[in-house]
């Protein structure tokens, strides 16, 4: 008896499945949310506690963030927040049943990426 040829699962990356912009954006949205929860949230909490604890604590926090690791962390948090915000808006539009065709989905995806760079640059210009 001859075995039937069955289609492969779409999650198989490599020679079987080419990642698409929409799937990469979905994965990146989740990753940016996790990053903001693990790094951005505690950083915001540290800032608020330092702000409420007086000038010495606030200056100490600023001194820690003044090094290259602190600045890199701030840049990563701003970039992740910008991407997560704009991609979340795109998902909210999708939830209304709009912009679901391939061409519009890809256009919106590219607009999110371009908007992320622009919004991050504006925010970093204010912060740094």
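The values are calculated or read from the model by the stated rules, or taken from the named source; none is laboratory data. Fair warning: this is a prediction, and the values are worked out from it, not measured in the lab. Neighbour counts are summed over all protein chains in view; Cβ atoms, including those assigned to glycine, are modelled from backbone coordinates with ideal geometry.
Okay, here's what the table says:
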read-out: Residues of the stretch 32-50 satisfying the condition of being out of contact with any helix residue (DSSP H, G or I) (no Cβ under 8 Å at 6 or more places or on another chain) and within 12 Å of residue 77 (Cα to Cα); value: 34, 37, 38, 41, 42, 44
read-out: Total residues in the stretch 57-84, condition within 21 Å of residue 34 (Cβ to Cβ) and exposed (fewer than 15 other Cβ atoms within 10 Å of the Cβ); value: 2
read-out: Flag if residue 38 is over 30 Å from residue 99 (Cβ atoms), outside any loop (DSSP other than H, G, I, E, B) and modelled with pLDDT of 95 or more; value: yes
read-out: Residue, nearest to the chain's Cα centre (by Cα), within the stretch 113-128, restricted to residues that are exposed (fewer than 14 other Cβ atoms within 10 Å of the Cβ) and assigned to a helix (DSSP H, G or I); value: 117
read-out: Near pairs, Cβ below 8 angstrom, 6+ apart or cross-chain, from the stretch 90-112 (assigned to a loop (DSSP other than H, G, I, E, B)) to any residue that is at pLDDT 90 or above; value: 99/90; 99/93; 99/105; 99/108; 100/94
